[in-house]
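Every read-out reported here was derived from the displayed coordinates using simple, explicitly stated rules and does not represent laboratory data. Since the structure is predicted, the reported quantities are computational estimates derived from the model, not experimental observations. All Cβ positions, glycine included, derive from the backbone under ideal geometry; neighbour counts span all protein chains shown.
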Amino acid sequence: MFNQQPSRDQSDPQRVVVMTGATSGFGAHTVRHFAALPDTRVIIGARGSGRSAPPRVDILPLDLASLASVREFAHAVVQWLGDTRIDLLVLNAGMRGSSAGQRSAEGYGLTFAVNHLAHYLLARFLLPSMAGHSRLVITSSNMHDPPIKTIAPKSFDLEAWAYPTKNGSGEGIRSYSVSKLCNLMTAQSFARLDEVKARDISVIAFNPGLTGGVGGGDASALQKALFTIVTHTIYPLIGLFRPEFVMNTPEHSGKRLADVALGTIVPPHGRVYVSLVKGEPTFPDPSELARDRESQDRLWRESAVMVGIKENPKS
Ligand SMILES: NC(=O)c1ccc[n+]([C@@H]2O[C@H](COP(=O)([O-])OP(=O)(O)OC[C@H]3O[C@@H](n4cnc5c(N)ncnc54)[C@H](OP(=O)(O)O)[C@@H]3O)[C@@H](O)[C@H]2O)c1
């Protein structure tokens, strides 16, 4: 069950972790690594009821499909923190809608809203509560990159991204690809903030690579079964020639996400993107559009308007 108002252990933990996407998929493995660390308190945001969590993990309600819920969660986290600060902010939740018509509570495309807008708002809200030398990790994907996924965006079109329309097959994956591009752009914008540099906060965009055993969002049971069959038969063969088809286990990707968040894996200076496409971490260039500074700035500014942030420290 949700613990609506988890009280912080007064013994003052040395490390505080806040995480989304910890209830299933590889994130459920990541959170176990955090929970097993000494002197560490973990708080996760999760939707639904009847949730259980590993020991020393508190759960607060969070539905990323609603910006109002994101604000409530963020307020509750700040209250829970008291005088302490966040050491690791891990924004791992993600979904892939099945149709372009799905909308968030505020009327944005559901996948764009859950994967990008909600995390953008959450990270901006919680940034002042992050400790010096802390880490912000946002889970992205190589699906943002046109050479990997041909329908991935090649030009900036926020109107189409925020309000996707029915445009034939692949509409779900197109919105997903857009949202993961936004995650990467947002990570780079955060990394450039004076406030982030001054407090030596590390910002990392994490790509787990294709990872099996996933929940599969709102896909039907048949779609999930077919996906499982394909990933265990055809993908390993294609993976002999195309590394992005090599399947990581949830245990492996979950451990590596924990490593990235804990600073065991550190990208070279000036880089933000960590990819597990080849099983072990590499630090590739994001797509050309993801690296475009003007597009990053526009996404930052216009996302602020969409989530109702009035002040823009970057303008
Ligand atoms: N698996 C892959 O091959 C792969 C590849 C590249 C990137 N990624 C990214 O990696 C991350 C984790 O993926 P996964 O494969 O482990 O996915 P998953 O098994 O479907 O888990 C997704 C997580 O996000 C949470 N979530 C989804 N919608 C939410 C909402 N509206 N409010 C709150 N939480 C929500 C889920 O919560 P519930 O338990 O309530 O569903 C779950 O904890 C995602 O960001 C995904 O895009 C995955």
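If we keep just the residues of the range 192-208 that are away from the ligand (no atom under 16 Å from the Cβ) and part of a loop (DSSP other than H, G, I, E, B), which is nearest to residue 256 (Cα to Cα)? The residue in question is 201.
Check whether at least one residue in the range 80-100 is more than 14 Å from the ligand (Cβ to nearest atom), under 12 Å from the mean Cα position of the chain (by Cα), crowded, with 22+ Cβ neighbours inside 10 Å and outside any helix (DSSP H, G or I), and report yes or no. Checking the range 80-100: at least one residue is more than 14 Å from the ligand (Cβ to nearest atom), under 12 Å from the mean Cα position of the chain (by Cα), crowded, with 22+ Cβ neighbours inside 10 Å and outside any helix (DSSP H, G or I).
Can you go through 277, 266 and tell me which one is outside any helix (DSSP H, G or I), more than 30 Å from residue 159 (Cβ to Cβ) and in contact with a Gly (Cβ under 6 Å, 6 or more places away or on another chain)? So the residue among 277, 266 that is outside any helix (DSSP H, G or I), more than 30 Å from residue 159 (Cβ to Cβ) and in contact with a Gly (Cβ under 6 Å, 6 or more places away or on another chain) is 277. With respect to (1) under 22 Å from residue 113 (Cβ atoms); (2) of a type outside the set (S, T, N, Q); (3) in contact (Cβ under 8 Å) with a residue 40 or more places away in the chain, the lone exception for residue 279 is condition (1). Take the residues in the range 48-67 that are closer than 18 Å to residue 95 by Cβ and not in a loop (DSSP other than H, G, I, E, B); name whichever of them is nearest to the ligand (Cβ to nearest atom). The residue in question is 61. Give the range 146-166 a look and list any residue that's farther than 18 Å from residue 95 by Cα and within 15 Å of the ligand (Cβ to nearest atom), or say none. Once the filter is applied, which keeps residues that are farther than 18 Å from residue 95 by Cα and within 15 Å of the ligand (Cβ to nearest atom), the range 146-166 yields only 148. If you go through the range 166-207 and keep only what is aliphatic (A, V, I, L, M), surrounded by fewer than 18 Cβ atoms within 10 Å (Cβ to Cβ) and under 15 Å from residue 300 (Cα atoms), you end up with just 193. For residue 305, the conditions (1) surrounded by 12 or more Cβ atoms within 10 Å (Cβ to Cβ); (2) within 26 Å of residue 201 (Cα to Cα); (3) of a type in the set (A, V, I, L, M) all hold with the exception of (1). The single condition from (1) over 24 Å from residue 201 (Cα atoms); (2) among the hydrophobic types (A, V, I, L, M, F, W, C); (3) crowded, with 24+ Cβ neighbours inside 10 Å that residue 68 fails is (3). The residue that is nearest to residue 211 (Cα to Cα), among those in the range 247-258 that are within 11 Å of the ligand (Cβ to nearest atom) and of a type in the set (A, V, I, L, M, F, W, C), is 247.
The condition of being part of a loop (DSSP other than H, G, I, E, B), touching a residue at least 24 places away in the same chain (Cβ under 8 Å) and surrounded by fewer than 15 Cβ atoms within 10 Å (Cβ to Cβ) does not hold for residue 285.
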